[in-house]
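Working notes, structure below.
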Amino acid sequence: MHTPELVARLYKKMTLIRRLELRIAEIYHTDAVKSPVHLSVGQESIAVGVCDPLERDDIVSNTYRCHATYLAKGGDLKEMMAELYGKKTGCAGGKAGSMHLVDMKQGILGASAVVGTTIPVATGYALALQMKAKQTGKTSVVVSLFGDGGTEEGCFTESINFAALHQLPIIYVCENNRLAIHTPLEKRWATEKLCQRVETYGIKTVQILDADVFKIRETITKALADIRQGHGPIFLECATYRWLEHVGPRDDHTDSYRDPAVYQQWIDNDQIKRLGQLLDESVRMRLDEEVTLEIQAAETFAEQSPYPLAEELYTHVYAS
Ligand SMILES: Cc1ncc(C[n+]2csc(CCOP(=O)(O)OP(=O)(O)O)c2C)c(N)n1
């Protein structure tokens, strides 16, 4: 049994992510949002299930599809919205946009648009945390999230080999939505046995096929306890489904590269709807209202914030 507090917390986080992204999709055409957006609508249970058991000092690392983990790990909603609007008050000063959300105060490593590249960076961070733990006695853990496409990059296997060899404090999470832009898994992999492939590197694996937010959360809770005892790393593969197009706000189901029946199965399995049904109607309505107000406040903050000054183009860069 899950406590009502847990159900309410997970429901509110997933609802916030879903509703915010749908709002971004709605306003995208107005040009308020200054960068491309890769929305995670439909995939929220992974970010929320993964981040809920993490401590503040634990680190998350994500790809360009990073709104969900940024919010789930405690990133500031107003700063995120301002970043999308290209405003100075954004989490990266308005110069990085949707694909590069960062908040080191909350343990959110900067994301990257280059597929796979965040995996070795996260692995290196785990090495640094392991070295630090020798001095402090406390092991913080890195969670590296990436898509199924990310596992096709050479640096993925280099990273998991290194992490297994050195027993690094890292959890690898593959958000397997079976698509790399428009190319389905069947056209990219001769075998879908991803967990078995990873196991050959000497890493424990878990596969969750139904996106169940409680199962994801429990798996991460156990993984964290094992890793803090020195038994890392761990690989988690979560099946999921991207409801909207690869980049941009559209529902692209009429583009004919995916099967509407599969979409329907994932709508029927929607974790937000499921959690909503576990809550008292009055609680659900209160949480929905809180989410509405938080999104409105973030939008207002982003609208009213100033743009960075032209001189700031040369700050936060390695070369001028
Ligand atoms: C190194 C590199 N190769 C190709 C691309 C173009 N590209 C952008 S997203 C993407 C698909 C990635 O799919 P996946 O990792 O499964 O993540 P998802 O978009 O499904 O979240 C590709 C090939 C890129 N950005 N970087």
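The values are calculated or read from the model by the stated rules, or taken from the named source; none is laboratory data. Because the structure is predicted, anything quoted here is derived from the model rather than measured. Cβ coordinates were reconstructed from backbone atoms using ideal geometry, including for glycine residues, and neighbour counts include every protein chain displayed. All accessible areas refer to the heavy atoms of the entire protein, side chains included, with ligands and DNA or RNA removed. Shrake-Rupley method; radii C 1.70, N 1.55, O 1.52, S 1.80 Å.
Under 11 Å from a label point set 7 Å out along the Cα-to-Cβ vector of Thr136, the amide N atoms of the stretch 39-57 belong to 56-57. The mean sequence separation of alpha-carbon pairs under 8 Å and at least six residues apart, normalised by the residue count of the chain, gives a relative contact order of 24 percent.
How high is the relative contact order of the stretch 1-146, in percent, counting Cα pairs under 8 Å that sit 6 or more residues apart?
On the way: 240 pairs, mean separation 33.1, N = 146.
That works out to 23 percent.
Around the amide H of Gln207, modelled in the peptide plane, lie the amide H atoms of Glu237, all under 5 Å away and 5 or more residues distant in sequence or on another chain. With a 1.4 Å probe and all protein chains left in place, how much of the accessible area of the stretch 1-145 comes from carbon and sulfur atoms, in whole percent? Carbon-and-sulfur percentage of accessible area, whole number: 57. Report, in whole Å, the centroid distance computed from the Cα atoms of the stretch 94-122 and the stretch 209-232. Comparing the Cα centres of the stretch 94-122 and the stretch 209-232, I get a distance of 23 Å. Packing order of peptides 257-264, 120-127, highest average first: 120-127, 257-264 (average count of other Cβ atoms within 10 Å over each peptide's residues). Per residue, the average separation of C-alpha pairs within less than 8 Å and at least 6 apart gives the stretch 91-183 a relative contact order of 26 percent.
By definition, a body whose alpha carbon gyration tensor gives a ≥ b ≥ c is oblate when a/c is 1.5 or more and a/b is not larger than b/c, and the stretch 1-122 fits this oblate description. Potential lengthening of the chain between Thr300 and Glu158 amounts to 46.7 nm, from the contour at 0.36 nm per residue minus the alpha-carbon distance. Other residues whose C-beta falls under 9 angstrom from the C-beta of Gln43 contribute a net charge of 0, scoring Lys and Arg +1 and Asp and Glu -1.
Near Thr300, within a Cβ-to-Cβ distance under 15 Å, what is the net charge of the other residues, with Lys and Arg +1 and Asp and Glu -1? That sum, taken over residues with Cβ under 15 Å, equals -2. Note on Asp280 and His2: their simple-model spin labels are 1.9 nm apart, each label 7 Å out from Cα toward Cβ.
For Gln229 and Ile181, FRET efficiency with R0 = 25 Å and r from the beta-carbon atoms, rounded to 0.05?
Working: r = 40 Å, r/R0 = 1.59.
The formula returns an efficiency of 0.05 here.
Per-atom-type breakdown for the stretch 180-240 gives carbon and sulfur 55% of the accessible area (1.4 Å probe, protein chains only).
Partner lysines whose Cα lies under 18 Å from the Cα of Lys87, excluding those fewer than 8 positions away in the same chain, are identified as Lys34, Lys78, Lys95. Helix-derived [θ] at 222 nm for the chain: sum -39500 (n - 2.57) over DSSP H runs of at least 4, divide by residue count, nearest 500? Mean residue ellipticity at 222 nm (helix-derived): -14000 deg cm²/dmol.
Once the 1.4 Å probe is applied to the protein heavy atoms, the chain comes out at 46 Å² accessible per residue.
Full extension of the segment from His166 to Val247, taken as 0.36 nm per residue of separation minus the current Cα-Cα distance, would add 25.5 nm. With K and R counted +1 and D and E -1, the other residues having a Cβ less than 10 Å from that of Asn176 yield a net charge of -3.
Rounded, prolate or oblate, given the Cα gyration tensor of the chain, with a/c below 1.5 counting as rounded?
Verdict is rounded for the chain.
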